[in-house]
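Right, one structure below, let's go through it.
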Amino acid sequence: MTTAPSAERPASAPPSFPLRFILFAWAFGFAAAGVYAAIRYVPLAGWISSDVTTGSSASYPDLQPRLYDAAPENATVVASAVANRVLGWQVLKTDVPGRTVSAVAPGFLGMKTDEVEMRIEPIGSVSRIVIRSHSRSLPADLGSNARHIRDLQTAMDDKLPRLIAK
């Protein structure tokens, strides 16, 4: 006895042409949107830099060291606490006598990590905080290092009285 061939396709068969076309169009559109967003929203400096330091990065002239009305030792402790508790970074080392803090900040989608180093310089009874953020693995950071510095400075401004340099 012969049976009629089944109209259903086997489970292992590739998708039909219209479905393949739709999937390809969707993937292409998603990729094009990602490229557009990267070009539109990532500053040029983010494509060519993986190391940003306040006061010495020509790519980010707006990022300057900040002055705070606090003793250097207190500013060191506050910088460490802000990095750890407020921003959720992993603080690797806090050297109060040496006035330095080293931390690791999560990078883009957790795929990379950035090292953030804070150096607190005494100027009389005032503290000047210089921040350096650099990528551990990638040659370009897509602006994440500048973002880490801005986040840290904003959080520090909430915790310590800031002095405006003239």
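The values are calculated or read from the model by the stated rules, or taken from the named source; none is laboratory data. Just so it is clear, the structure is predicted and the values come from calculations on it, not from any experiment. Don't worry about glycine lacking a Cβ; one is built from the backbone with ideal geometry, like all the others, and counts go over all protein chains shown.
Here's a check for you: in segment 130-148, which residue that is in a loop (DSSP other than H, G, I, E, B) and not basic (Lys, Arg) is modelled with the highest pLDDT? Explain how you work it out, then say what you get.
To start, the set of residues in segment 130-148 that are in a loop (DSSP other than H, G, I, E, B) comprises 136-143.
Still in the list and also not basic (Lys, Arg): 137-143.
Numbers: Ser137: 72, Leu138: 67, Pro139: 66, Ala140: 67, Asp141: 70, Leu142: 72, Gly143: 78.
Only one residue fits best here, namely Gly143.
For segment 60-78, give me each residue that is assigned to a loop (DSSP other than H, G, I, E, B), out of contact with any Leu (no Cβ under 8 Å at 6 or more places or on another chain) and either outside the structural domain of Thr94 (by TED's automatic domain parsing) or surrounded by fewer than 20 Cβ atoms within 10 Å (Cβ to Cβ) (or both). Show your work before the answer.
First, pick out the residues of segment 60-78 that are assigned to a loop (DSSP other than H, G, I, E, B): 60-65, 69-71.
Right, trim to out of contact with any Leu (no Cβ under 8 Å at 6 or more places or on another chain) and you get 60-65, 71.
Once the filter is applied, which keeps residues that are assigned to a loop (DSSP other than H, G, I, E, B), out of contact with any Leu (no Cβ under 8 Å at 6 or more places or on another chain) and either outside the structural domain of Thr94 (by TED's automatic domain parsing) or surrounded by fewer than 20 Cβ atoms within 10 Å (Cβ to Cβ) (or both), segment 60-78 yields Pro61, Asp62, Gln64, Pro65, Ala71.
Is it the case that Tyr36 is loosely packed, with under 11 Cβ neighbours inside 10 Å and either more than 18 Å from Ser127 (Cβ to Cβ) or modelled with pLDDT under 85 (or both)?
Against the criterion (loosely packed, with under 11 Cβ neighbours inside 10 Å and either more than 18 Å from Ser127 (Cβ to Cβ) or modelled with pLDDT under 85 (or both)), Tyr36 qualifies.
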